[in-house]
There are 2 protein chains.
Amino acid sequence: MSVSRPAVHPLEAPPLTDGAAVAPPHRVRMKDVQGMPGTPGSLVLRVCQLILSAVSLSVMASTSDFPPVTAFRYLVAAVSLQSFWSLTLAVVDVYALLVGRSLRSPRVASLFTIGDGITSTLTFAAASASAGITVFVVNDLDRCDVKHCGKFMSATAMAFMCWFAVSPSFFLNLWSLASR
Amino acid sequence: MSVSRPAVHPLEAPPLTDGAAVAPPHRVRMKDVQGMPGTPGSLVLRVCQLILSAVSLSVMASTSDFPPVTAFRYLVAAVSLQSFWSLTLAVVDVYALLVGRSLRSPRVASLFTIGDGITSTLTFAAASASAGITVFVVNDLDRCDVKHCGKFMSATAMAFMCWFAVSPSFFLNLWSLASR
């Protein structure tokens, strides 16, 4: 029995270290993906979203005749919310980069995913509605002041581009949430 | 030594079966989620999508004055594509359920995810654009035949509900893709 003891222990150890060696590569791989919260890529995405939504907001607000149209009022509201959200997360990213903290807890990731999902859906719906109205007025009714319609088109295009910039953040957050 | 042999083997076996028992629960857990391809939940979702998109298409096509409006033409196109896609995947689900095959390969899941993402985005954009036009005509211009506008509203509402039915399929496919 005293001979069998040392033969048992070396056989028990390998599976434990093998199991521990399998887990870390997943976490290391996820940490390297740019665009997740707390990375420089995420900050770049947030700044892009902020610029695009702010430009869309200011272009739409600079036209004098947007208030009568419901879809344009909705675009202003959605893009304001989007710029506020992107500004907040840009500040959080700057803080995380300066302090060197990781924002990879499941709670933070799910909060960011839900927020990104809501704001991107609202921005996309507003951009689509505005695009529908703009195309309706320009092509179908064919009664459009060139000066104003150009502004409506620019604001709509900026809102669509803002949605394109939000989508990677949303999907990367969702992916990091699903793959943990 | 003849005494130690039987003492070694029972100790060697548990880590192996333990390691094998850790992997299956993940796969079993994923298989149980209703709504993923090849499950009855997925078939229910697909049939809901098919009915809602077909109703939206037929209501919109039954109005005589949708062709002049670009957004309504786009809605008809998007909802047609959605019903075709949902019908195809419903047939695939029925086949998988009858034959008892699992549709859980990464290639199939990524194909379904991309298809669901494209069709749901198109449907949502078309529904938003139609909603923008309908609200514009009803509230802002205030010139609307009640009979026609009711149909436009119904078709738009059906398209939105269709989008609500596509979203779970899309997110479940994406989740199963990310968590493997």
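Side notes on the structure shown:
- In summary, residue B:25 fulfils each of the numbered conditions (1) modelled with pLDDT of 50 or more; (2) of a type outside the set (D, E, K, R); (3) over 24 Å from residue B:134 (Cβ atoms) with the single exception of condition (1).
- Restricting the first member to the stretch B:35-49 and to residues that are within 16 Å of residue B:167 (Cβ to Cβ) and without any contact (Cβ under 8 Å) to a residue 60 or more places away in the chain, and the second to residues that are surrounded by fewer than 20 Cβ atoms within 10 Å (Cβ to Cβ) and among the polar types (S, T, N, Q), the beta-carbon pairs closer than 9 Å and six or more apart or on different chains are B:41/B:34; B:44/B:34.
- Candidate set: the stretch A:104-138, residues that are touching a helix residue (DSSP H, G or I) at 6+ places or on another chain (Cβ under 6 Å) and more than 23 Å from residue A:164 (Cα to Cα); chosen: the one surrounded by the most Cβ atoms within 10 Å (Cβ to Cβ): A:136
- Restricting the first member to the stretch A:63-74 and to residues that are at pLDDT below 90, and the second to residues that are open to solvent by 80 Å² or more (accessible area, probe 1.4 Å) and of a type in the set (S, T, N, Q), the beta-carbon pairs closer than 8 Å and six or more apart or on different chains are A:70/B:139.
- Of all the listed residues (A:129, A:165), the sole one being under 30 Å from residue A:38 (Cα atoms) and in a helix (DSSP H, G or I) is A:165.
- Count of residues meeting criterion [crowded, with 19+ Cβ neighbours inside 10 Å and charged (D, E, K, R)] in the stretch A:80-103: 1
- Scanning the stretch A:52-78 for residues that are among the β-branched types (Val, Ile, Thr) and either within 14 Å of the chain's Cα centre (by Cα) or within 11 Å of another protein chain (Cβ to nearest Cβ) (or both) yields A:69, A:70.
- Test for residue A:75: is it open to solvent by less than 60 Å² (accessible area, probe 1.4 Å) and over 21 Å from residue A:174 (Cβ atoms): yes
- Residue within the stretch A:93-109 that is within 14 Å of chain B (Cβ to nearest Cβ) and either of a type in the set (Ser, Thr, Tyr) or assigned to a helix (DSSP H, G or I) (or both) present: yes
- Subset of the stretch B:41-63 [buried (at least 23 other Cβ atoms within 10 Å of the Cβ) and not hydrophobic (A, V, I, L, M, F, W, C)]: B:42, B:46, B:49, B:53, B:56
- Taken together, A:113, A:123 contain a single residue that is among the hydroxyl-bearing types (Ser, Thr, Tyr), closer than 27 Å to residue B:73 by Cα, more than 9 Å from chain B (Cβ to nearest Cβ) and in a helix (DSSP H, G or I), which is A:123.
The values are calculated or read from the model by the stated rules, or taken from the named source; none is laboratory data. The structure presented is a predicted model; accordingly, all values stated were derived computationally and were not measured. Note: ideal-geometry Cβ built from the backbone for every residue, glycine included; neighbour counts use all protein chains shown. The protein model used for the area step is the full one, side chains on, heavy atoms only, and it has no ligands, DNA or RNA in it. Shrake-Rupley method; radii C 1.70, N 1.55, O 1.52, S 1.80 Å.
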